[in-house]
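Working notes, beginning with the structure itself.
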Amino acid sequence: MIMAPATVDDLESLLGLESAGFDAPERWSRDSWAAELDADQRLVVVSREAGRVGAVACFSVLDETAELLRVVVAPDCRGRGTARRLVGAGKDWAQARGARRMLLEVRPDNEPALAVYRATGFQPIARRKDYYGTGRHAVVMECEI
């Protein structure tokens, strides 16, 4: 596995990961991913395995607060610690930019993601009602970095 910053050439792969990782209402669009790749104060990092993008994570930082915006791992690449390594790379990147904490939102029924986040130091701090749509709430988690 090789981790590297994503480029515009990875856009199709990122959209494929979205389709495999999220229900349609929760997927980021082509325009959303393109904007993330081009935005300031963002890190979009991919994991490449066997010549293809197997996972992606997206982070932002503003002052002392960073946010983990997205982690998606292809189904055939799960269970290998890839998400944990991507989260670690994002935390290192954010800390180097002066962030002291990182936040994220996750569905309360997404047990694999919750396990990764707990393993990387995140703790639940709040709940966001209807974050993913009516009746689809989110757990807000925080980690000191």
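Numerical summary
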| item | result |
| --- | --- |
| Residues (β-branched (Val, Ile, Thr) and outside any helix (DSSP H, G or I)) located in the range 1-11 | Ile2, Thr7 |
| Any chance Ala55 is touching a Ser or Thr at 6+ places or on another chain (Cβ under 7 Å), surrounded by 14 or more Cβ atoms within 10 Å (Cβ to Cβ) and either among the aliphatic types (A, V, I, L, M) or closer than 15 Å to Ala4 by Cα (or both) | yes |
| Qualifying residue in the range 85-98 (condition: touching a Ser or Thr at 6+ places or on another chain (Cβ under 6 Å) and touching a residue at least 12 places away in the same chain (Cβ under 8 Å)) | yes |
| Yes/no for Ala138 being crowded, with 20+ Cβ neighbours inside 10 Å, small (Gly, Ala, Ser) and in contact (Cβ under 8 Å) with a residue 12 or more places away in the chain | no |
| Checking Glu64 against (1) acidic (Asp, Glu); (2) modelled with pLDDT of 95 or more; (3) more than 21 Å from Tyr117 (Cα to Cα); (4) surrounded by fewer than 18 Cβ atoms within 10 Å (Cβ to Cβ), the condition it does not meet | (3) |
| Residue among Ala89, Ala99, Ala94, Ala83 that is touching a strand residue (DSSP E or B) at 6+ places or on another chain (Cβ under 9 Å), small (Gly, Ala, Ser), surrounded by 15 or more Cβ atoms within 10 Å (Cβ to Cβ) and in a loop (DSSP other than H, G, I, E, B) | Ala99 |
| Selection count where residues are of a type in the set (A, V, I, L, M, F, W, C) and either closer than 11 Å to Val56 by Cα or not in a helix (DSSP H, G or I) (or both), scope the range 12-27 | 4 |
| Residue within the range 29-43 that is assigned to a strand (DSSP E or B) and either under 18 Å from Thr7 (Cβ atoms) or touching a Ser or Thr at 6+ places or on another chain (Cβ under 7 Å) (or both) present | yes |
| Subset of the range 113-145 [among the hydrophobic types (A, V, I, L, M, F, W, C), touching an Asp or Glu at 6+ places or on another chain (Cβ under 9 Å) and under 23 Å from Val56 (Cβ atoms)] | Phe122, Ala138, Val139, Val140, Met141, Ile145 |
| Residue that is free of Cβ contacts under 8 Å to residues at least 12 places away in the same chain and not aliphatic (A, V, I, L, M), where the choices are Gly133, Gly79 | Gly79 |
| Top-ranked residue in the range 102-145 [being part of a loop (DSSP other than H, G, I, E, B) and of a type in the set (Lys, Arg); ranked as farthest from Thr82 (Cα to Cα)] | Lys129 |
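The values are calculated or read from the model by the stated rules, or taken from the named source; none is laboratory data. Values in this document were obtained by computation on a predicted structure and should not be read as measured data. Counting neighbours? That spans all protein chains shown, and the Cβs are built from the backbone with ideal geometry, glycine included.
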